[in-house]
Every structure is written in structure tokens, then in C-alpha cells.
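Participant: One structure coming up, written as C-alpha cells, with questions to follow.
The values are calculated or read from the model by the stated rules, or taken from the named source; none is laboratory data. Just so it is clear, the structure is predicted and the values come from calculations on it, not from any experiment. Here Cβ is always computed from backbone atoms with ideal geometry, including for glycine, and neighbour counts include all displayed protein chains.
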Amino acid sequence: MTAANDNRLCDLLAYGIPEAAAALSVGQSTIWRWIKAGQLRTIKLGGRTVIRREELLRLLDEAA
């Protein structure tokens, strides 16, 4: 991932699965596992599964 892409990730309000994985430095399968376990809440938006930025921050706060 390039620095330009990293900066773009910071500006997103919601993340697709690949973007959420990149933002947290984990694999997409980890994101899906957290979703299925109820640890990460998602919303459907235009047929896509997305995760709100606040939800990713909540997950990080709980893990700290």
C-alpha cells in the first residue's frame, strides 16, 4: 500500500472489507471472522458490506 492510499484510508467514513483489513494491518479473513463472531458490526450499503470508521476505532479501544 502506498502513502497516498494510506492517507486516503484516514479520510473514509466507512470501509469495505479490503480497506478495513489494510487499515488494521490484518487479513481479510480476520475481518470476516470478527464479523461472524459478532466482534465487528457491519452495515449494508448499496449491496456492499461496510464497516463504519467508529466501529473500527471501537474495536481498537476494546483490544487495548
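Participant: Taking Ala14 and the conditions (1) modelled with pLDDT of 95 or more; (2) in contact with a Lys or Arg (Cβ under 6 Å, 6 or more places away or on another chain), which numbered condition does it fall short on, given that it satisfies the others?
Facilitator: Against the list (1) modelled with pLDDT of 95 or more; (2) in contact with a Lys or Arg (Cβ under 6 Å, 6 or more places away or on another chain), Ala14 comes up short only on (1).
Participant: Could you please find all residues in segment 19-29 being within 13 Å of Leu56 (Cα to Cα), outside any loop (DSSP other than H, G, I, E, B) and of a type outside the set (D, E, K, R)?
Facilitator: Answer for segment 19-29, where residues must be within 13 Å of Leu56 (Cα to Cα), outside any loop (DSSP other than H, G, I, E, B) and of a type outside the set (D, E, K, R): Ala20, Ala21, Ala22, Ala23, Leu24.
Participant: Condition first: more than 10 Å from the chain's Cα centre (by Cα) and in a loop (DSSP other than H, G, I, E, B). Now tell me which residues in segment 30-64 satisfy that.
Facilitator: Ala37, Gly38, Gln39, Gly46, Gly47, Ala64
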